[in-house]
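In what follows, a single structure is set out as structure tokens and then discussed.
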Amino acid sequence: MAGLRLLVAAVILGFLSSTSQSLRFELQSGHTKCIVEDIKANAMTVGKYSVVNPNEGQPMPDSHKLTVRVTSHYGNNYHYSELVESGQFAFVAAEAGDYMACFWAPDHKPQITLTIEFDWKTGVAAKDWSNVAKKGSVDVMELELKKLFDTVTSIHEEMFYLRQREEEMQELNRTTNSRMAWFSLLSLFVCSSVAALQWWHLKTFFEKKKLI
């Protein structure tokens, strides 16, 4: 029973440590829609997208094409396809951060609406386990153990990644607090200086008028 609980816990954590997005959304011609995914460094990510045919069983209309670009937080380009009906991408993230997949539908008169299916997987979810089983000639139990091992490895890496992000946020908070403290001191100095100048100006004015 304890072993079963550990197995269930490991599987649940595995789903938490890897990400899989399966989306179906609409995009009007002449517009752009972007989807963001937070990916850690050296993580595998794969994506697959396609335009849904509005007339099932008929050829895809020429107007139902889109341009897709995938970039990193630093603007590095990882995938680009222009005026296609479907496509896919796969890469290992060289840098941690937010990765953006942008879909753009060319302008069309009259305006049309495209329905797009998009599947984006990262981490353990991005691995082709069926291909691993075929290449390695492994049985079901061994394949599950391989999945659990990769899941635990992914959790371990995710913990270090989250810890690094937390340290970065703490450093940012410390820097912000330090700047706010200096700004407060500067504001206090300016206010004191203005008050002193006003007092000196009034004192001089009254002395000239011989009121004091």
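The values are calculated or read from the model by the stated rules, or taken from the named source; none is laboratory data. A quick note: this is a predicted structure, and the numbers were derived from the prediction, not measured. When we count neighbours, we look across all protein chains shown, and the Cβ atoms used for this are built from the backbone with ideal geometry, even at glycine. Note: areas computed on protein heavy atoms with side chains; ligands, DNA, RNA excluded. Shrake-Rupley method; radii C 1.70, N 1.55, O 1.52, S 1.80 Å.
With a cut-off of at least 1 residues that are of a type in the set (Gly, Ala, Ser), name the strands (runs of 3 or more DSSP E) lying wholly within segment 24-114. Give the derivation first.
Working: elements: 32-39, 44-51, 66-71, 77-84, 86-92, 97-104.
By residue number, 44-51, 77-84, 86-92, 97-104.
Among the residues of segment 108-123, what is the count of those that are hydroxyl-bearing (Ser, Thr, Tyr) and buried (at least 18 other Cβ atoms within 10 Å of the Cβ)? Can you show your working first?
Filtering segment 108-123 for residues hydroxyl-bearing (Ser, Thr, Tyr) gives 113, 115, 122.
When the remaining residues are screened for being buried (at least 18 other Cβ atoms within 10 Å of the Cβ), the result is 122.
Result for segment 108-123: 1.
Here residue 40 clears all of (1) charged (D, E, K, R); (2) modelled with pLDDT of 90 or more; (3) touching a Phe, Trp or Tyr at 6+ places or on another chain (Cβ under 8 Å) except the condition numbered (2).
Between 180, 100, the distinction of being more than 30 Å from residue 28 (Cβ to Cβ) and at pLDDT 90 or above belongs to 180 only. Within segment 148-173, residues that are open to solvent by less than 80 Å² (accessible area, probe 1.4 Å) have Cβ atoms under 6 Å from residues that are β-branched (Val, Ile, Thr) and modelled with pLDDT under 85 in these pairs: 150/124; 151/124; 154/124, counting only partners at least 6 apart in sequence or on another chain. Counting the residues of segment 65-83 that are under 20 Å from residue 31 (Cα atoms) and open to solvent by less than 60 Å² (accessible area, probe 1.4 Å) gives 8.
Within the group 35, 39, which residue is open to solvent by less than 40 Å² (accessible area, probe 1.4 Å), touching a residue at least 60 places away in the same chain (Cβ under 8 Å) and under 18 Å from residue 117 (Cβ atoms)? Working first, answer last.
Working: 39 fails: under 18 Å from residue 117 (Cβ atoms).
Only one candidate qualifies: 35.
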